[in-house]
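Report on one structure; see the data block that follows.
Bear in mind that the values in this text are calculations on the coordinates, not laboratory data. Because the structure is predicted, anything quoted here is derived from the model rather than measured. Here the Cβ is made from the backbone with ideal geometry for all residues, glycine too, and neighbour counts use every protein chain on show.
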Amino acid sequence: MVEEVIAEDGAKPVKTKVGHSLIKDKMAETNAIFGGEHSAHYYFRDFWGADNGMLAAMHVLAEYGSQDLVLSKFAKQYNPYFLSGEINSTVSDVPAAKERIKSAFADRASFDEFDGITATNDQELGKPAEAGSWWWFNVRSSNTEPLLRLNVEASTEAKMIQIRDEVLNLIQQKA
């Protein structure tokens, strides 16, 4: 959803690995005006690149104030998909867990390993995603803790739960 909103507003989304210093470095390199991550860290060029949730909230409130919508409808337009939220798992053998995931999803998804494993069931495979079954997930190692972090997003709640539970089972399996 983030990339969609950025593109709709005529800007260019830039991918970077997760982490405060990595995001700030990429913002400086690309002269980005804003950066953020799923863990609710928001960085603003005009605020010295600082992480500032209050400034982010003020921007959201300003946008809300410019629209004639009740809050639930305002929020829904920016959150049309179903999200798992970030789920942390302690794993003793991270490479084995990642291999189990890639193997289990090899025939159903395309993979990007820019920052962990991102799997997407999209048209890149030459097979259009079935109606109501669009999803993606990312599993990555924490930069600061001995954890694997999982985020899942899907077009339906049932699909998000199915993919979330399947990936968590693969993460938590013993080798």
(request) Consider the candidate values [x] 1, 7, 14, 17, 19, 17, 13, 8, 3, 1, 0; [y] 1, 8, 18, 22, 23, 16, 7, 3, 1, 0; [z] 2, 9, 16, 22, 19, 15, 10, 5, 2, 0, 0; state which one is P(r) over Cα pairs in 5 Å bins from 0, in percent computed from the structure displayed. (result) [x]
(request) With an 8 Å cut-off on Cα pairs and a minimum separation of 6 or more residues, tell me the relative contact order of the chain in percent. (result) 19
(request) For a footprinting-style exposure proxy, rank 150, 71 by other Cβ within 10 Å, fewest first. (result) 71, 150
(request) May I ask you to list the lysines whose Cα is less than 30 Å away from that of residue 15, ignoring any residue fewer than eight positions away on the same chain? (result) 24, 26, 73, 76, 98, 102, 127, 159
(message) Give me the dipole magnitude in Debye, nearest 20, for the chain about the Cα centre, with unit charges on the beta carbon: positive for Lys and Arg, negative for Asp and Glu.
(response) 320
(request) Normalising by the residue count of the stretch 82-172, find the relative contact order in percent from Cα pairs under 8 Å and 6+ residues apart. (result) 37
(message) Only counting other Cβ atoms within 10 Å, I'd like 43, 81 sorted with the fewest neighbours first.
(response) 81, 43
(request) Assuming R0 = 25 Å, can you tell me the calculated FRET efficiency for the pair residue 133 and residue 106, based on Cβ-Cβ distance, to the nearest 0.05? (result) 0.90
(request) Quick one: net charge around residue 88, please, counting Lys, Arg +1 and Asp, Glu -1 for every other residue with C-beta under 10 Å from its C-beta. (result) -1
(message) Suppose only helical runs count, i.e. DSSP H with n ≥ 4. What mean residue ellipticity at 222 nm does that imply for the chain under -39500 (n - 2.57) per run, divided by all residues and rounded to the nearest 500 deg cm²/dmol?
(response) -11500 deg cm²/dmol
(message) To make sure I understand, if each residue's beta carbon is the centre and we count other beta carbons within 10 Å, what order do 30, 156, 16 fall in, fewest to most?
(response) 30, 156, 16
(message) Considering only C-alpha atoms, what is the centroid distance from the stretch 63-84 to the stretch 11-55, in Å?
(response) 22
